[in-house]
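Asker: One structure coming up, written as structure tokens, with questions to follow.
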Amino acid sequence: MGFVSEADAAAKCIKGDRKAPYTLGWANIYSVPTWMKQTEGTIAAEVEELKKQGLVDKLVITDAQGDANVQIQQIQSMIDADVDAILLIAGSSTAPARVIADACAKGIAIINFDSLVDTDQVTAKINTDSNEWGDTAAKWLINELGGKGKILVLNGPAGISVSDDRRKGANAALAANPGIEILAETNTAYNVAPAQEAVTSLLFAHPEIDGILSLGGALSAGAILAMDKQGRPMVPITGENARQFLELWKDKSLKSWATMQPNWLGGFAAYTAVQALEGKDVPAFVKVPLPVIDNSNIDGYLARAKDFPADGYIFSPYDEKLFGELLAAK
């Protein structure tokens, strides 16, 4: 497996003084949502592949249960244990900057994905373009409504970069179409129950709704269930690859558009960490393309539904060949 000299170290935070097999740390902000469980599953699966290759020895997992301060403490514990790499979905874009910089200074590879931090003291950031996500979703809905209509906007939790960036991405398209009236917005966890509850309240307050700009798949499912329970007519709605949303979409013949935040970003982060530790050139930011799910290909996703949890996400296939291609893309 070799020893990587400092001269060979090609990525930030990598000093070239660590050798395989490596210990990886997965600093999870919370593990309860099914999306996070599926993501952890792709990390564990990739770690098993890397173990077979003699590159990884152990995976250490923590769960901050949604508390950004607890996550910082758990990252510090990983630093104290001298793990070789930390995989991170950040509970706050700003709070962990200091502890992350400390890890980087100690030669620990930091791979930040999904919810990103406002610091460059990491080895790599991996993400889809959340601004593009919001922009494309807004443009689709505006087009479906012919540039005029009353809409609800459903966001994920405030303060989480993925949620905030998706919403920011929609701003330009909405501003350019003054015929689109935003009746109300929500911020909820990416879970069906709170989204359904929030939309139920909004439906009582707004008897006329023409469309829903939903920036999360579980949010979309919750909205559809809320409308169905009140006997409201279905309207064009955006979303993502949540199985329940895709099944409701098909069952109710909805006018919908979706994309995805692939759960395999977690497995990709583990792969990237090891590549960096092995002295490979790893980009500071890796952009993962956004797929489009519409009526032309939804059946292909639903054909694989049985392989995913009922409350989970039907993500696209992946392997190390794909990971290598993403790292090599310019």
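The values are calculated or read from the model by the stated rules, or taken from the named source; none is laboratory data. Keep in mind it's a predicted model, so treat the numbers as computed, not measured. A quick note on method: Cβ atoms are made from the backbone with ideal geometry, for glycine too, and the neighbour counts reach across all protein chains shown. When the accessible area is computed, the model is the full protein with side chains, heavy atoms only, and any ligands, DNA or RNA have been set aside. Shrake-Rupley method; radii C 1.70, N 1.55, O 1.52, S 1.80 Å.
Asker: Using Cα centres only, tell me the gap between the stretch 108-140 and the stretch 198-235 in whole Å.
Answerer: Measuring centre to centre over Cα atoms gives 28 Å.
Asker: Given Cβ point charges of +1 (Lys, Arg) and -1 (Asp, Glu) and nothing else, what value in debye, to the nearest 20, does the dipole of the stretch 38-89 about its Cα centre take?
Answerer: Result for the stretch 38-89 is approximately 80 debye, rounded to the nearest 20.
Asker: Positive end of the charge dipole of the stretch 1-117 (Lys, Arg +1 and Asp, Glu -1 on Cβ, about the Cα centre): tell me which of 64, 13, 53 has its Cα farthest that way.
Answerer: Towards the positive end, the residue furthest out is 13.
Asker: Another one. Quick check on the stretch 171-272: take the gyration tensor over C-alpha atoms, sort the square-rooted eigenvalues as a ≥ b ≥ c, and tell me if it's rounded (a/c under 1.5), prolate or oblate.
Answerer: Prolate is the answer for the stretch 171-272, as a/c is 1.5 or above and a/b outweighs b/c.
Asker: Right, next: Take residue 228, project a point 7 Å from its Cα along the Cβ direction, then tell me which residues of the stretch 190-210 have their backbone nitrogen under 16 Å from it.
Answerer: 192-197, 199-200
Asker: Dipole of the chain (Lys/Arg Cβ +1, Asp/Glu Cβ -1, origin at the Cα centre): which of 92, 173, 112 lies farthest to the positive side?
Answerer: Comparing the listed Cα positions along the dipole, 173 ranks first.
Asker: If you don't mind, another one. At a 1.4 Å probe radius, carbon and sulfur cover how many percent of the accessible area of the stretch 189-239?
Answerer: Answer for the stretch 189-239 is 56 percent, counting heavy atoms of protein chains only.
Asker: Taking GluC sites (Glu not before Pro) as candidate sites, keep only those in a DSSP loop with at most 11 other Cβ atoms within 10 Å, then name the longest stretch of the chain containing none of them.
Answerer: 7-207
Asker: Using a Gaussian network for the chain with springs between C-alpha atoms less than 10 Å apart, which of these wobbles most: 183, 265, 246?
Answerer: For the chain, modelled as a Gaussian network with Cα springs under 10 Å, the answer is 183.
Asker: Restricting to lysine pairs 8 or more places apart or on different chains, what number in the stretch 30-180 have Cα atoms under 21 Å apart?
Answerer: Going through the stretch 30-180 pair by pair, I get 11.
Asker: So for the pair residue 67, residue 281, with labels modelled 7 Å out along Cα→Cβ, what separation do we get in nm?
Answerer: With each label point 7 Å from Cα toward Cβ, the separation is 4.4 nm.
Asker: How many Å³ per residue does the convex hull of the Cα positions in the stretch 169-223 occupy?
Answerer: In the stretch 169-223, the Cα hull volume divided by residue count equals 80 Å³.
Asker: Give me the number: length gained by fully extending residue 37 to residue 299, i.e. 0.36 nm times residue separation minus the C-alpha to C-alpha distance, one decimal in nm. Walk me through the numbers before you get to the answer.
Answerer: Working: separation 262, 0.36 × 262 = 94.32 nm, distance 2.45 nm.
91.9 nm is the gain from fully extending residue 37 to residue 299.
Asker: If the chain were replaced by its equivalent ellipsoid, with semi-axes equal to the square roots of 5 times the Cα gyration tensor eigenvalues, what would those be, largest first, whole Å? Please report the intermediate quantities before stating the final value.
Answerer: Working: eigenvalues 291, 73, 61 Å².
After diagonalising the Cα gyration tensor, the semi-axes are 38, 19, 17 Å.
Asker: Still on this structure, please answer the following. Over the stretch 52-154, with every protein chain in place, what whole percent of the accessible area is carbon and sulfur at 1.4 Å, could you tell me?
Answerer: Answer for the stretch 52-154: carbon and sulfur cover 44 percent of the accessible area.
Asker: Follow-up. Three principal axis extents, largest first, for the C-alpha atoms of the stretch 79-196, in Å?
Answerer: 56, 29, 18
Asker: Among residues other than residue 221 whose Cβ falls under 11 Å from its Cβ, what is the net charge (Lys/Arg +1, Asp/Glu -1)?
Answerer: -3
Asker: Here is a follow-up. Count the net charge of all other residues whose Cβ sits under 12 Å from the Cβ of residue 262, scoring Lys and Arg as +1 and Asp and Glu as -1.
Answerer: -2
Asker: What is the magnitude of the charge dipole of the stretch 63-207 about its Cα centre, with +1 placed on the Cβ of each Lys and Arg, -1 on the Cβ of each Asp and Glu, and no other charges, expressed in debye to the nearest 20?
Answerer: For the stretch 63-207, the charge dipole is close to 500 debye.
Asker: Can you compute the modelled spin-label distance between residue 306 and residue 30, with each label point 7 Å from Cα toward Cβ, in nm?
Answerer: Roughly 3.3 nm, to one decimal.
Asker: Dipole size in debye (nearest 20) for the chain around its Cα centre, Lys and Arg Cβ +1, Asp and Glu Cβ -1?
Answerer: 360
Asker: Now, a different point. Scanning the chain for helices, which whole DSSP H stretches are 24 Å or more long along the axis (Cα) and average -0.5 or more by Kyte-Doolittle?
Answerer: Working: long enough: 34-52 (27 Å, -0.77).
In the chain, no H run is both long and hydrophobic enough.
Asker: Another one. With n ≥ 4 as the cut-off for DSSP H runs, can you work out [θ] at 222 nm for the chain, using -39500 (n - 2.57) per run divided by the number of residues, rounded to the nearest 500?
Answerer: The helix-only estimate for the chain comes to -12500 deg cm²/dmol at 222 nm.
Asker: Turning to a different aspect of this structure: Heavy-atom accessible area per residue, the chain, 1.4 Å probe: how many Å²? It would help to have the intermediate numbers written out before the result.
Answerer: On the way: 13530 Å² over 330 residues.
Heavy-atom SASA per residue in the chain reads 41 Å².
Asker: Based on DSSP, what percent of beta bridges with both residues in the chain are antiparallel, to the nearest 5?
Answerer: 10
Asker: Given labels modelled 7 Å from the Cα in the Cβ direction, how far is it in nm from residue 76 to residue 118?
Answerer: 2.2
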